[in-house]
Amino acid sequence: MNDVLAAIFSINTLAAMIRMATPIALAAMGGTFSERSGVINIGLEGMILTGAFAGVAGSYYTGNPWVGVLFAVIFGSLVAGIFAVFTVKFKANHVVAGVGLNIFALGLTTWLMQVLWGGRGVSPNVNGLPRVSIPVLDKVPVVNKLITNQSPLVYIMFALIIGGWFLLFKTPLGLRIRMTGERPEAADTLGINVSRVKYFSVILSGALSGLGGAYLSLGYLNMFSRNMSAGRGYMALAANIFGQWNPLGGLGASFLFSFSEAVQLRLQSINLNIANELIQMIPYAITIIVLAGAVIKSRPPEALGEHYGTEE
C-alpha cells in the first residue's frame with residue numbers, strides 16, 4: 001500500500017500531470033469560447049488530431065518545429081472554420097456535425113500519412129520542441145521539479161489560460177461572446193453581429209485545439225501516430241463542462257483528468273496483480289463519472305446548441 005501511495009503522490013506523478021494536462025486544457029478553453037458563443041463543440045477531438053498531424057508535417061518539411069506549431073494552429077483553425085460554416089451558416093445539428101468532423105479528421109490524417117510517408121501507423125521522427133526551464137523557477141523548491149525542464153508549450157498554455165480568462169470576463173469582446181451564447185436576440189438588438197462572434201469563437205477553439213495537438217506531436221513524442229489524440233478532445237469537452245465554461249475551471253478539471261492518467265501509468269509499473277486493461281480504464285472512467293455529475297449540476301449558456309434566425 002505504501003508503494004502505491006508513494007507512486008500516486010510522487011513529484012514525478014505531479015510533473016507528469018502538468019505535462020499531460022496541456023493538450024486537454026488548451027482544447028477545453030477552445031470549447032469554452034465555442035460554447036460560450038452558443039456552439040456545441042464535439043469536434044475538439046478532430047481539431048486536436050488535425051493539429052497534431054499538421055505540426056509534424058510542418059516540422060518534417062521545414063526542419064523547424066516552430067513552423068510545425070504554426071501549421072498546427074492554422075490547420076486547426078481551418079477545420080474549425082469548416083465546422084463553423086456547417087453549424088452557423090447551414091444550421092446543421094452541432095453534435096452531428098462535430099461527430100462527423102472527428103470521423104473526417106481521423107480518415108484524412110490516416111490517408112495523408114499513407115500518401116506522405118507510405119504507412120498508416122506512425123510518421124517518421126521529426127525535430128521536436130526543446131525542453132526549457134525558467135531560471136527564476138529553478139530556484140524555488142518543489143516548483144523546480146514540477147514545472148521546469150518542460151516543453152515551451154506548457155508555459156504558453158498557462159499564459160493562454162490566464163489571457164483567455166481575462167478576454168472572456170474582463171473585455172468587451174468577451175461580453176459579446178457571452179451575450180451571444182446567452183441571449184442572441186438581445187445581442188443582435190444591440191448591434192452585435194451574432195454570426196461573426198460565433199465564427200470567431202469556433203475558429204479560436206480550433207486554433208487552441210490545434211496548438212494542443214502540436215504539443216502531443218512536437219512537445220511530447222516528436223512524431224505523429226494514427227488517432228494519437230486518443231480521446232483527449234472528449235476529455236477536454238468534459239473538462240469544459242466540469243469547469244463551468246471558464247478557462248480556469250477547465251484547467252483545474254484538466255489537472256484532474258491528467259492526474260488520473262499519470263496515476264494509471266505509474267500503477268502499471270507496480271505489480272498489483274490487476275489486469276493492465278482495468279488500470280488503463282481509470283482516466284476514461286473518471287471522465288464519464290465527472291461528466292455525468294457535471295451535466296446534472298451545471299448551467300450551460302442558455303442558447304447553447306440553438307440556431308439564431310438571422311445567421312448567414
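The values are calculated or read from the model by the stated rules, or taken from the named source; none is laboratory data. The model shown is predicted, which means the values in this text are computed figures rather than measured ones. Every residue, glycine among them, receives a Cβ derived from its backbone with ideal geometry; neighbour counts consider all protein chains shown.
For segment 112-136, residues that are loosely packed, with under 15 Cβ neighbours inside 10 Å and in a helix (DSSP H, G or I) total 4. If you go through segment 93-111 and pick out every residue that is more than 19 Å from the chain's Cα centre (by Cα), surrounded by 13 or more Cβ atoms within 10 Å (Cβ to Cβ) and within 18 Å of residue 225 (Cβ to Cβ), you end up with 2. List, please: which pairs have Cβ atoms under 6 Å, are six or more places apart or on different chains, and start with a residue in segment 189-215 that is in contact (Cβ under 8 Å) with a residue 60 or more places away in the chain and end with one that is assigned to a loop (DSSP other than H, G, I, E, B) and surrounded by 21 or more Cβ atoms within 10 Å (Cβ to Cβ)? Close Cβ pairs (under 6 Å, with a partner that is assigned to a loop (DSSP other than H, G, I, E, B) and surrounded by 21 or more Cβ atoms within 10 Å (Cβ to Cβ)) amount to 197/37; 198/37; 198/39; 201/37; 202/39; 205/41. When each of 174, 163, 181 is tested for being under 25 Å from residue 17 (Cα atoms), assigned to a helix (DSSP H, G or I), of a type outside the set (Val, Ile, Thr) and at pLDDT 95 or above, the lone residue that passes is 163. With the structure loaded, tell me whether residue 303 is crowded, with 19+ Cβ neighbours inside 10 Å, of a type in the set (A, V, I, L, M, F, W, C), in a helix (DSSP H, G or I) and modelled with pLDDT of 90 or more or whether it fails that test. Answer is no for this residue. For first residues located in segment 217-230 and touching a residue at least 40 places away in the same chain (Cβ under 8 Å), partners that are aliphatic (A, V, I, L, M) and assigned to a loop (DSSP other than H, G, I, E, B) and lie 6+ apart or on another chain with Cβ distances below 7 Å form the pairs 217/223; 217/228; 218/129; 219/129; 222/126; 223/126.
Scanning segment 144-151 finds one or more residues that are at positive phi and in contact with a Ser or Thr (Cβ under 8 Å, 6 or more places away or on another chain).
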